[in-house]
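> Quick one: the structure is below, questions incoming.
The values are calculated or read from the model by the stated rules, or taken from the named source; none is laboratory data. All values reported here derive from a predicted model rather than from experimental measurement. Here the Cβ is made from the backbone with ideal geometry for all residues, glycine too, and neighbour counts use every protein chain on show.
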Amino acid sequence: MPRSLAKSNAHFRRALARLPLGVSSNFRYWGDDKTLYVKRGRGARVWDLDENEYVDYRLGYGPVILGHCHPEVDAAAREGQEVGTVFALSTEREAVVAELIAEMVPAAELVRFSNSGTEAVMAALRIARGAQGRDGYVIFEGSYHGLFDAVMWQADVESLVDPSLEPEVLPYGLGVPALARQLLWHLPYNDAARLEDVLKRDHDKIAAVLIEPILGSCCGIPASSEFMHAVRELCTRYDVLMVVDEVKTGFRVARGCAQQLHGVKADLCTMAKAMANGYPISAIGGREDVMRRCRSGGVTHGGTYTAGGMALAAAERTLRILRDTEALARVAAYGRRLQEGLTRILNARSVPHCYAGHPSMSGLFFREEPPRNYRDWKRSDYSFYDTLAQFLIEGGILCEPDSREPWFVCEAHDEACLTKTLEVFEMGVDRTLETLRAARAEPAGKEA
Ligand code: PMP
C-alpha cells in the first residue's frame, strides 16, 4: 500500500503559517508534500504523524549512537534534571565528564563544554586565534563546520569551466558578510602540497587549520591517513594549530574518535553528536597550554546553558556505555553487514558502486571509486542516488534524500532492521533502474 502523508502534509500547512518553510532548520524541509513530522522514535525506528514506520539511517545527522530514547541515557538525563537546569555556576559532574573525555581522547588534555557543534567549533577557532595571536584559518572544500559566518563558505565548482582554474569561494547563502571571506584560506581536501604552499607563504597570518577527518556532510569522503599525518606535520612545522572537528566522527568511529584511527593528536578538537545520544552538549578539548588561555584577560568562553545538568548527565552515561561496552564494535559490524547486503543486491544487477567513510557513517556512491574530494564529488553523477533515495524513504528506509549525507548506524539496528532494509533496497534499486531507463528512452524536448 502506498505511504500516506496526509497528516504530515496537513501539519505542514499549519506549521507554514508560523515557521519559515514549516520547520526549524532549512534542511528539514523536503518539499511541500514530502516534509515529514516525527511522532516518536524508538531504537533504530521512527514513526511519522501518519504512523508510517521507518528504519532510521539519519539518526538526527548522527547523534543517536545508541538508538532513540535509550532507557539508560534517558534515565540518567532525568536524574541530571533533578539537580536543576542552570545555575551560572558549575556542578561536580563537569569535571567527571571532562575526565572521561580526556581518558578517551588523548588530545583533550583539558575540556570546555558548549551546547552544539557550531558553538564548539566557534569556541575552538576563537581559542586558536587567541593562543596564536593571528586571525586567519584554513578550511577544506566540502567541509561542514556548522552555521556561523567564518565557516559558511563553499567552492563554486559548478561554474568552473576550466577545471585547472581555482573555483570561486561563495557564501552558503545570504547574510554571510563578504568581509568574513578575507580571513579564510579555502583549500582542496586530501592535498597536502596545496596546504604546504599556503602555510609556507602565509603561516604568520594563520592561527589554525580546521579539518574534518571524514567529510561528514559530503558523502563521508575520508581524509587519507597520509593527509591527516601531513596536516599534523605541517601544522607543527609552521606553528599553526591543528583543529580536528570531530563533531560527527567523535565517539562514533572509535572510542578515541577519528584521531585514534589515524594515530594523530590534534592541538584542539571538537566533539558533539554521539557524546550524549542526542542531548544538546558539545565539547572542546585540547592541549593544556592552549586551553588554559580560557581565562579572564585571555580567551572568553562561556554561555548561559553550557554544561546544563540534563545534557551533561546524558553525556556521562553515553560516554560510559561507549567506553565500557562493545557498542561501537556492534555499530561498525552492522554497518559492514549492511554494506555487504547492499553490495550483493547491486552486484546482482551490475550496478557500479562503492562506499566511503566508516561503516558507522558511510557514503554510498554509484561509481567504481569514491571521490577523493569535493570537486570530484560535485562533478559526479548522483542521479542514481537521488532517485533511489525517494523509493527507499517511500518504502520505510529513512536515508537522507541528499546524497551528501552519509548513512548513520546506531547500536539499536538489529536483524529485523537489516532484513527490512535489504528488502526495500532491492525493490528500490529495480525501480530506480526502470525510472532511469525510461528517462533515457524519453525523446529529448518532450516536456517542452
Ligand atoms: N561540525 C561538523 C563536522 C558537523 O558535522 C556539524 C553538524 N553537522 C557541525 C560542526 C555543527 O554542529 P551543530 O549542527 O550541532 O551546530
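> Looking at Glu326, is it among the acidic types (Asp, Glu), surrounded by fewer than 18 Cβ atoms within 10 Å (Cβ to Cβ), out of contact with any strand residue (DSSP E or B) (no Cβ under 9 Å at 6 or more places or on another chain) and over 26 Å from Tyr279 (Cβ atoms)?
Spelling it out, it is not the case that Glu326 is among the acidic types (Asp, Glu), surrounded by fewer than 18 Cβ atoms within 10 Å (Cβ to Cβ), out of contact with any strand residue (DSSP E or B) (no Cβ under 9 Å at 6 or more places or on another chain) and over 26 Å from Tyr279 (Cβ atoms).
> Answer yes if at least one residue in region 384-394 is crowded, with 18+ Cβ neighbours inside 10 Å and closer than 19 Å to Gly216 by Cα, and no otherwise.
Yes; the residues of region 384-394 include at least one that is crowded, with 18+ Cβ neighbours inside 10 Å and closer than 19 Å to Gly216 by Cα.
> If a residue has to be farther than 19 Å from Glu51 by Cβ, of a type outside the set (Val, Ile, Thr) and not in a helix (DSSP H, G or I) to count, how many in region 7-37 make the cut?
The total comes to 8.
> While we're on this one: Quick check on my filter: what residues within region 38-67 are farther than 14 Å from Asp414 by Cα, outside any loop (DSSP other than H, G, I, E, B), among the basic types (Lys, Arg) and in contact (Cβ under 8 Å) with a residue 40 or more places away in the chain?
none
Each row is one residue, and each column tells you yes or no for (1) in contact with a Gly (Cβ under 9 Å, 6 or more places away or on another chain); (2) more than 16 Å from the ligand (Cβ to nearest atom); (3) at negative phi; (4) not assigned by TED's automatic domain parsing to the domain that holds Met122.
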{"position": "Ser217", "(1), (2), (3), (4)": "yes, no, yes, no"}
{"position": "Glu226", "(1), (2), (3), (4)": "no, yes, yes, no"}
{"position": "Ser282", "(1), (2), (3), (4)": "yes, no, yes, no"}
{"position": "Gly298", "(1), (2), (3), (4)": "yes, yes, yes, no"}
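> Now a separate question. I need the full set of residues from region 228-253 which are outside any strand (DSSP E or B) and crowded, with 21+ Cβ neighbours inside 10 Å, in order please.
Met228, Val231, Arg232, Cys235, Val240, Val247, Lys248, Thr249, Gly250, Phe251, Arg252, Val253 - these are the residues of region 228-253 that are outside any strand (DSSP E or B) and crowded, with 21+ Cβ neighbours inside 10 Å.
> Can we say Ala276 is modelled with pLDDT of 95 or more, under 27 Å from Trp153 (Cα atoms) and among the aliphatic types (A, V, I, L, M)?
no
> OK, next. If you take the residues in region 68-91 that are touching a helix residue (DSSP H, G or I) at 6+ places or on another chain (Cβ under 9 Å) and assigned to a loop (DSSP other than H, G, I, E, B), which one is farthest from Arg252 (Cα to Cα)?
So the residue we want is Phe87.
> Oh, and also: Between a residue in region 104-120 that is more than 16 Å from the ligand (Cβ to nearest atom) and any residue that is basic (Lys, Arg), which pairs come within a Cβ distance under 8 Å, given they are 6 or more apart or on different chains?
Hits for this filter: Met104/Arg255; Met104/Arg323; Pro106/Lys265; Glu109/Arg287; Leu110/Arg287; Leu110/Arg292.
> Can I ask one more? If you take the residues in region 254-275 that are in a strand (DSSP E or B) and out of contact with any His (no Cβ under 9 Å at 6 or more places or on another chain), which one is farthest from Gly133 (Cα to Cα)?
Met271
> Follow-up question, since we're still on this one. When you go through (1) more than 16 Å from the ligand (Cβ to nearest atom); (2) in contact with a helix residue (DSSP H, G or I) (Cβ under 8 Å, 6 or more places away or on another chain); (3) assigned by TED's automatic domain parsing to the domain that holds Ser116 one by one for Gly302, which number turns out not to apply?
Here Gly302 meets the rest and fails (2).
> Just wondering, is there one or more residues in region 359-379 that are outside any loop (DSSP other than H, G, I, E, B), on the phi < 0 side of the Ramachandran plot, surrounded by fewer than 17 Cβ atoms within 10 Å (Cβ to Cβ) and more than 16 Å from the ligand (Cβ to nearest atom)? Full working, then the answer.
Just the residues of region 359-379 that are outside any loop (DSSP other than H, G, I, E, B), to begin with: 361-365, 374-378.
Right, trim to on the phi < 0 side of the Ramachandran plot and you get 361-365, 374-378.
Imposing the further condition that a residue be surrounded by fewer than 17 Cβ atoms within 10 Å (Cβ to Cβ) reduces the set to none.
No - not one qualifying residue is present in region 359-379.
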